[in-house]
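Remarks on the structure that follows.
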Amino acid sequence: MMFRETPDGCIAIPQPSHAWLSGQIIRVWGNAEFGPVTPYEDVCLGAEQHDIGWLVWEQSPTLDPRTGRPHSFRDLGVRAHTGMWSMGTAMAQGLGRYPALLVSLHGTGLYAKFDAGSADAADRAAVRAFLSEQQEIQHRLVASLRADERLGDFSGDEMIERNRGLVRAADRVSIAICTGMRDLAIRSERAFEAKVKDVPTADGKTDLRLVAIDGDLSNIVVTPWPFATRGVRVTCEGVALPPRPFDDENEMRVGLRNAKCVVLAAELRPG
């Protein structure tokens, strides 16, 4: 899960809801500076479902005893995390080869800077096994896609890397919105400001800057503007956590099911 701290308390956002927001972002992506999204439906589906592996966990989230909340997406153990991403690739293959490839690439990208030196032997082994498994799947999917009449033109190394980067960019913009611009992947030195790095453009890469105007997270300026329209509205759903930390996992699960639903909405506009 992701968390947004507010004056009224904490909102927990399930990973699939965050991914839904990513899908909304990529569906309005693209202009002369940033280029088109192609193959459009396949990339949009990959962005929207990039956290599909979390669906089962979100039905019975685990308790983080340090916080009294469900585990955040950053605090879940390596073996549980890699297992979830393996499941996600398997589930995504039921959607299509191109979305499944993007889901797999997103998952392995999360371990590009894995600190093996600080991990125990079991975690190192889990990451090695995960990367080996996913690379084998990726090679098989790419070979199949390159032989495909419809998708072959979009399956060269350069196009696949661009689309992996687009899914990552949509994910990071969504993370910024969901976490109130506090997550370490996107936060800057200033409050209510975020930076999304290495975003694909039509002929290279750039960084996006997101600023919540007057600290209002429902009103965000994005520079440079990557979208096809002059304004974009996105939403996702979370639940309001009670002020008291949970100390029992079953109690937490019941509490989350009964918690008040909160709709997070943001209007994005160019600077």
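Structural remarks
- The P(r) of segment 174-232 has a tail past 15 Å containing 48 percent of all C-alpha pairs.
- Principal axes of segment 1-77: Cα extent on each, largest first, Å: 47, 30, 17
- Proximal lysine pairs, segment 2-270, alpha carbons under 22 Å, eight or more residues apart or interchain: 5
- Total formal charge among the other residues, if their Cβ is under 12 angstrom from that of Arg140, Lys/Arg +1 and Asp/Glu -1: 0
- What you get for segment 2-270, charging only the Cβ of Lys and Arg (+1) and of Asp and Glu (-1), is a dipole of about 200 debye around the Cα centre.
- Descending Cα extents along the principal axes, segment 138-260, whole Å: 55, 38, 26
- Most mobile of Asp207, Asp120, Asp198 in a GNM of the chain (Cα contacts under 10 Å): Asp120
- For the pair Cys10 and Asn219 in one chain, pulling the backbone fully straight at 0.36 nm per residue adds 73.3 nm over the alpha carbon distance.
- Summing charges over neighbours of Ser174, with a neighbour being any other residue whose Cβ is under 14 Å away from its Cβ, gives +1 when K and R count +1 and D and E count -1.
- Between Pro39, Pro16, Pro70, the residue with the greatest mean-square fluctuation in the GNM of the chain (Cα pairs under 10 Å linked by springs) is Pro39.
- Were the residues from Glu237 through Ala202 laid out at 0.36 nm apart, the gain over their Cα-Cα distance would be 9.4 nm.
- GluC sites (Glu not before Pro), loop per DSSP, at most 15 other Cβ atoms within 10 Å - longest free stretch of the chain: 34-148
- Here the relative contact order of the chain, from alpha carbon pairs under 8 Å that lie six or more residues apart, stands at 25 percent.
- Estimated FRET transfer efficiency when R0 is 41 angstrom, pair Glu149-Ala112 (beta carbons, to 0.05): 0.80
- Within segment 45-161, the proportion of Cα pairs with more than 18 Å between them is 55 percent.
- Here the scattering of the chain is modelled by Debye summation over its C-alpha atoms, one equal scatterer each and no solvent; at q = 0.08, 0.09, 0.12 Å⁻¹ the log10 of I(q)/I(0) is -0.33, -0.42, -0.76.
- Distance between the C-alpha centres of segment 10-70 and segment 179-253: 12 Å, rounded to the whole angstrom.
- Where labels lie 7 Å past Cα in the beta-carbon direction, separation of Arg128 and Met159 in nm: 3.7 nm
No value in this document is a laboratory result; all are computed from the given coordinates. Please read these numbers as outputs of a predicted model, since none were measured by experiment. Counting neighbours? That spans all protein chains shown, and the Cβs are built from the backbone with ideal geometry, glycine included.
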